[in-house]
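Enquirer: Before anything else, here's the structure in question.
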Amino acid sequence: DDPKSAIDSTLFEHAPGYVKNIVQQINVSYSNACYDCSGVMIRRLAETMIVDAFEKCGALDEITDSNGDIFSMTPLIKRLSNTNVFSLSRQTKQAVPHLKDIGDWSAHNRRYRARKSDIDSAVRHLRLAASDLLHISGQDGG
């Protein structure tokens, strides 16, 4: 692990380019002390991995509205926690809301400034969720 990186990019070596790009942006912003940027991108990565898991399992209809638009993060998390399409660990179900929070606070709270410790805490949740979601979406190389 690179101490200047937020998350080990090798976890994502079998992921598509768009996922690797998000991981790279998390790590570049983290290494440059742009912690709000890291927080927003952590949320984006979580959302992307959730959608990829549903898509891989042929269940996009579970997370889309009547117009075919993918749900926003809150209902997406609810569907993730309640789906019967795939099995998700209890720990991942508990971790994902933290990933939403760090991104929301960094993007929408004008008085909040993410710190390194905030991102480090979120990354522990991200590492756990990534293991599950990359496996479910077939992006873990296994």
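Enquirer: Which condition number in (1) within 20 Å of PHE86 (Cα to Cα); (2) of a type outside the set (Ser, Thr, Tyr); (3) not in a helix (DSSP H, G or I) is the one that ALA130 fails?
Expert: (3)
Enquirer: Hey, another quick one. Working only within segment 9-25, note down all residues that are free of Cβ contacts under 8 Å to residues at least 24 places away in the same chain and either part of a loop (DSSP other than H, G, I, E, B) or open to solvent by 10 Å² or more (accessible area, probe 1.4 Å) (or both).
Expert: Step one: filter segment 9-25 for residues free of Cβ contacts under 8 Å to residues at least 24 places away in the same chain, giving 9-10, 17, 20-21, 23-25.
Within segment 9-25, SER9, THR10, GLY17, LYS20, ASN21, GLN24, GLN25 meet the criteria.
Enquirer: Does LEU128 count as under 17 Å from the mean Cα position of the chain (by Cα) and open to solvent by less than 40 Å² (accessible area, probe 1.4 Å)?
Expert: On the way: under 17 Å from the mean Cα position of the chain (by Cα): yes; open to solvent by less than 40 Å² (accessible area, probe 1.4 Å): no.
No, not satisfied.
Enquirer: Restricted to segment 26-47, and to residues that are open to solvent by 10 Å² or more (accessible area, probe 1.4 Å) and in contact with a Leu (Cβ under 9 Å, 6 or more places away or on another chain), which residue is nearest to LEU99 (Cα to Cα)? Walk me through it before giving the result.
Expert: Looking only at segment 26-47, we keep the residues that are open to solvent by 10 Å² or more (accessible area, probe 1.4 Å), and these are 27-37, 40-41, 43-44, 47.
Retained after the next criterion (residues that are in contact with a Leu (Cβ under 9 Å, 6 or more places away or on another chain)): 43, 47.
Details: ARG43: 5, GLU47: 9 Å.
The residue in question is ARG43.
Enquirer: In this structure, is PHE54 part of a helix (DSSP H, G or I), among the hydrophobic types (A, V, I, L, M, F, W, C), farther than 22 Å from ALA6 by Cβ and open to solvent by less than 80 Å² (accessible area, probe 1.4 Å)?
Expert: Numbers: part of a helix (DSSP H, G or I): yes; among the hydrophobic types (A, V, I, L, M, F, W, C): yes; farther than 22 Å from ALA6 by Cβ: yes; open to solvent by less than 80 Å² (accessible area, probe 1.4 Å): yes.
So PHE54 passes the test.
Enquirer: Mind listing whichever residues of segment 62-107 are among the polar types (S, T, N, Q), open to solvent by 50 Å² or more (accessible area, probe 1.4 Å) and closer than 15 Å to ALA129 by Cα? Steps first, answer last, please.
Expert: Initial filter on segment 62-107 (among the polar types (S, T, N, Q)): 64, 66-67, 72, 74, 81-84, 87, 89, 91-92, 94, 106.
From the residues that got through so far, the ones that are open to solvent by 50 Å² or more (accessible area, probe 1.4 Å) too are 66-67, 72, 74, 82, 84, 87, 91, 94.
Hits for segment 62-107 are SER87, GLN91, GLN94.
Enquirer: Kindly establish whether ARG110 is open to solvent by 90 Å² or more (accessible area, probe 1.4 Å), touching a residue at least 12 places away in the same chain (Cβ under 8 Å) and farther than 22 Å from GLU62 by Cβ. Give the derivation first.
Expert: Working: open to solvent by 90 Å² or more (accessible area, probe 1.4 Å): yes; touching a residue at least 12 places away in the same chain (Cβ under 8 Å): no; farther than 22 Å from GLU62 by Cβ: yes.
In short, no.
The values are calculated or read from the model by the stated rules, or taken from the named source; none is laboratory data. Values in this document were obtained by computation on a predicted structure and should not be read as measured data. Ideal geometry is used to build each Cβ from the backbone, glycine not excepted, and the neighbour counts take in all protein chains shown. Just so you know, the surface numbers come from the protein's heavy atoms only, side chains and all, with ligands and any DNA or RNA stripped out. Shrake-Rupley method; radii C 1.70, N 1.55, O 1.52, S 1.80 Å.
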